[in-house]
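First comes the structure, then the notes that go with it.
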Amino acid sequence: MKKVTNNRYLKCVLPLLLVALLVSAASAAPIGLDPGKWAPATYQRLAAFVEANGSGGPNYDPAKPPYVVFDWDQTCIFNDTEEALFRYKIETLNFKMTPEVFAEAIRKDIPKDNFSDDYKNADGKTVNIDLIGADLDAAYTFLYKNYEGFGAGGKMTLAEARATEEFIDFRAKLAWLYEAIGGTFSADVSYPWVLYLFSGMTADEVKALAEKSNDAALADKLETYTLSSSKTLQSKAGYISMGGYKRGLRTVPEMSNLMNVLRSHGIHVYVCTASLDNVVRVFSNLPKYGYNVPEENVLGMRVAMEDGKYVPRYDDTWVQTQQAGKTEAIKRELVSKYGYGPIAVFGDSQGDYKMCVDFEETQVVLVVNRLRKDDFGKLGLQAMETHGKPDAKFILQGRDENIGAFRPDEKTIKYGKTEPELFHASLVK
């Protein structure tokens, strides 16, 4: 009797399972969107969005092609390509500045106020740009005169230069300075500042260096590390040590697949980033990385150039593409071209919040879940309020920061942890 019951069960259930599999395959096959590690509800909303708005869909008008806008760092890739390049430049001493230009670059637009108490030295004393700047000037001048790579007559190899106390001081304090500026002053000070260190380079030199940095970081283990300054050199700022620097980058195959699917269905794809435009163009455009975004479709930060080389000054003809500046850049470059806003926006942080909510045409906003507690984090709350609804505007995507990959759920596992979380604790009190 048991055998008969099982047979009847199989006869009833197997056809249903087959239909379910066919429906699932059919939903993915026509548009080519790979389910990958998308959260299921997020995947279904994106698939329906492409079907409705892409070529052949009921909403598609070739005379008024739709377009979408992606943030780049921590959205399309795991971790930050600009910050990885910044520290790669330090590690490999890839600078094209004289000591005089370097001194100008590190002080550009930095207030003389003390940095936040979170950035005191190891002795608990406050630090400001004058103190740390003096130490960096001395270390950079030493390296400029002695490292052969600067072309100023020095004889040291890179390995020999990196073994000096001056390099140890330079590496730790320049990396720390970026964090201190960002943690003390506003983003419109810190974001351009790191770009001024490209001074003396051509756009092609920056692109070539960015590719080397990307490739090295993609091969690196994902981890955090500490940088400490010299304990033996006499210095103005004192001994400085800071941990939490992130090593390694990862591509996100679900995002590259989505970009390629959108383009294949006549939906134009743009990137709006707070990193230097030419840095992101390397990652987003080179075929070996898989995203295939046309270079001209990247809206990013711009540094002034003279005689074909970057100088330590922001391009005053262009907006800073961070926070409200992202909305302004989209209006200037895309709304002026198309006559309407993006139908979808993809982001991960407060810097993306404004472009996610400022355009009435936007049908879908993808929130990469970084467990934030700011306005952007609250978009995740909205996503879960309409979870699974066919017309949901906000959709949430979790990831595992230990491996730098999406996970098939809205919850995120923070680096160094094992348990997934849906929201930052402060949002659900």
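Every number in this text was worked out from the coordinates using simple rules, so none of it is lab data. Fair warning: this is a prediction, and the values are worked out from it, not measured in the lab. A quick note on method: Cβ atoms are made from the backbone with ideal geometry, for glycine too, and the neighbour counts reach across all protein chains shown.
For the chain, the membrane-span-like helix rule (DSSP H, alpha carbon extent of at least 15 Å along the helix axis, mean Kyte-Doolittle at least 0.0) picks out 2-28, 129-146, 165-184; this says nothing about an actual membrane.
Of SER241, SER228, how do they rank once you tally other Cβ atoms within 10 Å and put the fewest first?
Exposure proxy ranking, most exposed first: SER241, SER228.
A cut-off of 5 Å between modelled amide H atoms, ignoring neighbours fewer than 5 places along the same chain, links ASP315 with ARG302, VAL303, ALA304. In region 81-247, a dipole from Cβ-located charges (positive for Lys and Arg, negative for Asp and Glu) runs towards its positive end, and of SER190, THR126, THR141 it is THR141 whose Cα lies farthest in that direction.
Once you list every other residue whose beta carbon is under 11 Å from the beta carbon of TYR225, what net charge do they have if Lys and Arg are +1 and Asp and Glu are -1?
On the way: positive: ARG87, LYS221, LYS246, ARG247; negative: ASP220, GLU223.
Residues close to TYR225 contribute a combined charge of +2.
At a 10 Å Cβ-Cβ cut-off, how would you order VAL50, VAL271, fewest neighbours first?
Working: VAL50 23, VAL271 28.
Least to most surrounded, the residues fall as VAL50, VAL271.
In order along region 337-349, the Karplus-derived 3J(HN,Hα) couplings, from 6.51 cos²θ - 1.76 cosθ + 1.60 at θ = phi - 60°, round to 7, 8, x, 7, x, x, 8, 8, 9, 10, x, 9, 8 Hz, and Gly and Pro are given as x.
Can you give the FRET efficiency for LEU158 and ASP307, using 1/(1 + (r/R0)^6), R0 = 25 Å, r = Cβ-Cβ distance, to the nearest 0.05?
Working: r = 28 Å, r/R0 = 1.11.
Here the calculated transfer efficiency is 0.35.
Listed from fewest to most Cβ neighbours within 10 Å, the set MET242, MET201 follows the order MET242, MET201.
Between SER241, PHE49, TYR291, the Cα set farthest toward the positive side of the dipole of the chain (charges on each charged residue's Cβ, about the Cα centre) is that of PHE49. Computed 3J(HN,Hα) for region 387-403, one whole-Hz value per residue from the Karplus formula 6.51 cos²θ - 1.76 cosθ + 1.60 where θ = phi - 60°, is 4, x, 6, x, 10, 4, 7, 9, 10, 10, 9, x, 8, 10, 6, 6, 10, glycine and proline marked x. Across region 225-230, rounded Karplus estimates of 3J(HN,Hα) from the backbone phi angles (6.51 cos²θ - 1.76 cosθ + 1.60, θ = phi - 60°) give 8, 10, 10, 10, 7, 5 Hz, Gly and Pro being marked x. Orientation-averaged projection of region 268-325 equals 4.7 nm² [convex hull of Cα atoms, one quarter of hull surface area]. Taking 7 Å steps out from each Cα toward its Cβ at SER241 and ILE403 produces label points 3.4 nm apart. Counting only Cβ charges, +1 for Lys and Arg and -1 for Asp and Glu, the dipole size of the chain around its Cα centre is about 1640 debye.
With point charges of +1 on the Cβ of Lys and Arg and -1 on the Cβ of Asp and Glu, referenced to the Cα centre of the chain, which listed residue (PRO40, MET301, THR224) lies farthest in the positive direction of the dipole? Result: PRO40.
With R₀ set to 22 Å, the beta-carbon distance separating GLU91 from ASP375 gives a calculated FRET efficiency near 0.05.
Strictly over 30 Å apart at the Cα level, which of LYS173/LYS288; LYS246/LYS288; LYS64/LYS393; LYS112/LYS145; LYS112/LYS326 would you flag in this model? Working shown, then result.
Values: LYS173/LYS288 34 Å; LYS246/LYS288 23 Å; LYS64/LYS393 21 Å; LYS112/LYS145 28 Å; LYS112/LYS326 28 Å.
Listed pairs above 30 Å: LYS173/LYS288.
Taking 0.36 nm per residue of separation and subtracting the Cα-Cα distance, full extension of the segment from GLU295 to SER264 would add 9.4 nm.
Rounded to the nearest angstrom and listed largest first, the equivalent-ellipsoid semi-axes of the chain from its Cα gyration tensor are 44, 25, 20.
Other residues with beta-carbon under 13 Å from the beta-carbon of LEU366 carry, at +1 per Lys or Arg and -1 per Asp or Glu, a net charge of -1.
Extending 7 Å from Cα along the Cβ direction at GLU361 and again at GLN382 yields two label points whose distance is 1.9 nm.
Label-to-label distance for SER426 and LEU233 is 3.6 nm, based on points extended 7 Å past Cα in the beta-carbon direction.
The length gained by stretching the chain between ALA63 and ALA324 to full extension, at 0.36 nm per residue less their Cα-Cα distance, is 91.0 nm. The residues packed around MET259, meaning those with a beta-carbon under 13 Å from its beta-carbon, carry a net charge of -2 if Lys and Arg are +1 and Asp and Glu are -1.
As a calculated quantity, the FRET efficiency between LYS417 and SER186 at R0 = 35 Å, using C-beta atoms, amounts to about 0.70.
Less than 5 angstrom separates the built amide H of TYR239 from those of ALA122, ASP123, all sequence-distant by 5 or more or on a different chain. For GLU421, the residues whose modelled amide H falls within less than 5 Å of its own, excluding neighbours fewer than 5 places apart on the same chain, are THR412, ILE413, LYS414.
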